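Read the structure below first, then the notes.
The values are calculated or read from the model by the stated rules, or taken from the named source; none is laboratory data. Model, not experiment: these values are computed from the prediction. Glycine also receives a Cβ, built like all others from the backbone with ideal geometry; neighbour counts cover every protein chain displayed. These accessible areas exclude ligands, DNA and RNA; they are computed on the full protein's heavy atoms, side chains included. Shrake-Rupley method; radii C 1.70, N 1.55, O 1.52, S 1.80 Å.
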Amino acid sequence: MPDAPAGTLYRGREGMWSWVAHRVTGFLIFFFLLVHVADTSLVRVSPEAYNAVIGTYKNPIMGLGELGLVAAIVFHAFNGIRVMLVDFWSQGTRHHRLMLWIVMGLFVVTMAAFTPRHLMNVFGGH
Amino acid sequence: MAQTVTPSALEAPRSPRSPRSRRSTRTNYELYGWVFMRASGALLLVLIFGHLFMNLWVGEGINAIDFAFVGGKWSSPLWQTWDLLMLWLAMIHGTNGVRTIINDYAERDATRIVLKSALYLAFVVTVVLGTLVIFTFDPCPPNAPAELLASFCTA
């Protein structure tokens, strides 16, 4: 396989960048999933062991990490719907750019609702 | 005038593909994978948004999660089934996605084999572990302090 010349940008613009973002978010979510199954499996060790590991998820730094995780999931989910519409809807390729802006709009609305609620749970008097 | 290609060098449009090129695509597994990513993706959207809503939004959100919370949830066949389905679909969907990424970026054969072996090992270990945990979980383990357990354990 020949090496791609350095510094090229494929077609760039919305189509490529949404594809890159879909890859990056999917990759991150997968590794969280491996960790999350491992930490949850501590319920089979003892209540104390599980409570200790889930306690680490409640500290502020992890709380911000969870915000990033939810953001990655929300983007991946909404953009995944867009990918399906591009693939299966006859007008999908024509409107893929507009649909990306709709995805970003829904992403902003969802995160605007989730972020204050989660930060209050993480930072609010516990 | 530009040099023309002799007709014999080109196959006629829509002529049957040669046996050689047909052999290189003799299965449809990549097509099934492509369809699975879309079908499982739609299901995972519902399963994961429901999971995040129940665990991070309702009540005190993440502060409410502890052993007793998991005990309460997994006493219900609904959430057992929900989490089992989520585990399997997410692991297959994620493993197939990472497999695609490895195929795209790891150019040496040996690198691809090592990375994909590690990926498939992680898949088997995680799916087996998660499935066993869901099916063998005891919400009221004996000898555990009662204050760490769901209220129905002592009722």
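Explain nothing, just the number: relative contact order of chain B, from Cα pairs under 8 Å at least 6 residues apart, as a whole percent.
It rounds to 27 percent for chain B.
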Relative to chain B, whose Cα atoms define the longest principal axis, helix B:109-136 and its Cα axis are tilted in degrees, nearest 10, by 30
At the level of C-alpha centres, the distance separating the stretch A:17-48 and the stretch B:127-150, in angstrom, is 21
Probe 1.4 Å, all chains present, heavy atoms only: A:ILE81 accessible area in Å², nearest 10, is 70
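Students sometimes get this wrong: rank A:HIS96, A:HIS118 by accessible area, probe 1.4 Å, all chains present, largest first.
Numbers: A:HIS96 45, A:HIS118 0 Å².
So, going from the largest accessible area down, we get A:HIS96, A:HIS118.
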Note: B:131-138 gets an average of partner chain Cβ contacts (10 Å, Cβ to Cβ) equal to 3
Measuring from the longest principal axis of the C-alpha atoms of chain B, the long axis of helix B:77-105 (C-alpha) lies at a number of degrees, nearest 10, equal to 30
Averaged per residue, the 1.4 Å probe accessible area of chain A, protein heavy atoms only, in Å², is roughly 59
Sequence order, the stretch A:36-41: Karplus ³J(HN,Hα) from phi using 6.51 cos²θ - 1.76 cosθ + 1.60, θ = phi - 60°, Hz rounded, Gly and Pro as x, gives 5, 5, 5, 5, 5, 5
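Just the accessible area per residue of chain B, please: how many Å² with a 1.4 Å probe?
Working: 10030 Å² over 155 residues.
Using a 1.4 Å probe on heavy atoms only, each residue of chain B averages 65 Å².
Peptide B:62-70: average number of partner chain Cβ atoms within 10 Å per residue? Mind showing how you got there, number by number?
Working: counts 10, 8, 1, 6, 6, 9, 3, 3, 7.
That works out to 6 on average.
For the interface of chains A and B, what total accessible area is buried with a 1.4 Å probe, rounded to the nearest 100 Å²?
Details: alone 9290 and 11830 Å², together 17430 Å².
In total, this chain pair buries about 3700 Å².
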Phi-derived 3J(HN,Hα) across the stretch A:25-33 with the Karplus relation (6.51, -1.76, 1.60, θ = phi - 60°), rounded Hz, x for Gly and Pro, is 5, x, 4, 5, 4, 4, 6, 5, 4
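For chain A, with all protein chains present and a 1.4 Å probe, just round the carbon and sulfur fraction of the accessible area to a whole percent. Walk me through the numbers on the way to the answer.
Working: 5320 of 7400 Å².
Its accessible area is 72 percent carbon and sulfur atoms.
Roughly speaking, to the nearest percent, how much of chain B's 1.4 Å accessible area is carbon and sulfur? Each step should come with its number before you reach the end.
Details: 6650 of 10030 Å².
The C+S portion of the solvent-accessible surface of chain B is 66 percent.
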When every protein chain stays in place and a 1.4 Å probe is rolled, B:ARG26, A:ARG117 sorted by accessible area with the largest first are B:ARG26, A:ARG117
Expressed in square angstrom to the nearest 10, the accessible area of B:ILE134 with a 1.4 Å probe stands at 10
Longest principal axis of chain A (C-alpha) makes with the long axis of helix A:96-123 (C-alpha) an angle, in degrees to the nearest 10, of 10
